[in-house]
Amino acid sequence: TRLYASEAAGVPVGKLVVNFALPHESVMANKEVHQVDMSAVSGDLGVLADHVPTIEQLKPGVLDFIGDSGSQKYFVSGGFAIMNPNSVLNINAVEAFKLEDIDPQAVAANLAESQRLAASAKDELTKEAAAIEIELYESLQSALAGRAK
Amino acid sequence: ALGQQTRNMATLKEIQTRLKSITNISKITASMKMIASTKTTRAQRAMNVARVYGKTSGDLVEQAGVQKAESANELLITVSSDKGLCGGIHSSLARQSRKYLAEHPEAPLVVLGDKAKMQLQRAYPQNIKSSFNQIGATIPTFEESSEIASTVLNDKDVVFDNAKLMYNKFVSAIAFETSAMEFYPISQIVESPNFKAYEFQEDVLTNLNEFLFANSLHWALVEGHAAEMAAKRTAMENATKNAGDIINRLTLQYNRGRQAVITNELIDIITGASAL
């Protein structure tokens, strides 16, 4: 079930400040952007300044940061995005790469391999792991295709 | 020096052997210091990033205004490693852990690293619920941290609400401070005063709890590693300096001894010649 905020936000801040951190890299710190589009488990959403505070679990998919200089897209493996009452958006992800750094041929090759593994797997664990990989590579493919448009 | 035995060929040989051995040791400690120095630089870089990651993750707890529940079960996690020759790193962790366990004798304990485990096993064997090793050779990765977090959370023998992560905070290249990092479970975060402002799906809360736990553990492991590398560098530097001091002292002793032997030989020859 979805729980809604029962307290109204305080005074609107007016700007969206983003902290985007990976365990091995601080991608963005205190960066001001206009909007962040993300792919959450509960659905896709776009966050603007003073968005209602929310806790979202990220699916493997695209994070789009839209600022003054245009949009910067990253593919994230998963994590959490938390929008706070002070208009600060905190994103912790495990892995993230710029879409332009991802090789479509490698993705296609890996997807074929995972599909083969899923078909030939004998035990549940291998089958489930392969299914997760397939979901990831298909998501990567649609992200790369979306970018190509 | 007065009162010392007369130097003869045999004791000179002993001093020579000692000198050779200590010179070798000082070469080893000097190279260990160089290695630790390089590792410290890398470990510090990783720590700075891990701190940002950990602080970002812990912001929700700050903003929500979480309070520890009165009757909460607390788990003590001692974040140590398998490697030695790093000064007071492990004994400081063991001391603070023993202090906590003296105040909370029933608390479950998870030990990361063989060094602290050895020290705690003697005093509080019944509190140790599980332990991990293969820690300390390299900078901890998030994969390792989340594996440990996962194992601890799934362990039926370890029942806890809050966790206290005892780790060494990196203060500077020459100083560390054993500190406790607090972990609050999602159940307490949900009860906190400012949490009403947040919208969320109930089914992500368990995942959030696991994620926050892994993130805290990762910060403690990476910072602890940096503190350890810096302490190792300092320890090796001191060892090399001490070895150098001994070498100087022994060399002086050797030379004085050698001169005494020569003088005695000369005296023997001269007295022998004058007797003829």
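Only the coordinates and a few stated rules stand behind these numbers; no lab work does. None of the values given here were measured: they were computed from a predicted structure. When we count neighbours, we look across all protein chains shown, and the Cβ atoms used for this are built from the backbone with ideal geometry, even at glycine.
The A:S120 and B:S187 beta-carbon pair, evaluated with R₀ = 45 Å, returns a calculated FRET efficiency of approximately 0.60. Under the simplified labelling scheme, the A:D101-B:K99 pair shows an inter-label distance of 4.2 nm, with each label point 7 Å from Cα along Cα→Cβ.
Considering only Cα-Cα distances, which of the following residue pairs are longer than 28 Å: A:K31/B:K83; A:K31/A:K98; A:K15/A:K98; B:K68/B:K232; A:K98/B:K55; A:K127/B:K55? Distance filter (> 28 Å) returns A:K31/B:K83; B:K68/B:K232; A:K127/B:K55. Full extension of the chain between B:I28 and B:R45 gives 3.5 nm of extra length, using 0.36 nm per residue less the Cα-Cα distance.
For chain B, averaging the sequence separation of C-alpha pairs within contact (under 8 Å, six or more residues apart) and dividing by the residue count gives a relative contact order of 32 percent. Computed over chain B, the per-residue total of -39500 (n - 2.57) for DSSP H runs of n ≥ 4 gives a 222 nm mean residue ellipticity of -22500 deg cm²/dmol, rounded to 500.
Taking 0.36 nm per residue of separation and subtracting the Cα-Cα distance, full extension of the segment from B:L85 to B:V159 would add 23.2 nm.
Relative contact order of the stretch A:1-66, taken over Cα pairs closer than 8 Å and 6 or more residues apart, is 30 percent. Inter-chain neighbour count for A:53-63: the average number of beta-carbon atoms from partner chains within 10 Å of each residue's beta-carbon is 4.
Over the Cα atoms of chain A, the radius of gyration divided by the Kirkwood radius equals 1.04; this is the Rg/Rh ratio. Computed from the C-beta positions of A:V11 and B:T206 and an R0 of 30 Å, the FRET efficiency is 0.35 to the nearest 0.05.
Mean per-residue shielding of peptide B:190-200 is 6, counting Cβ atoms of other chains within 10 Å of each Cβ.
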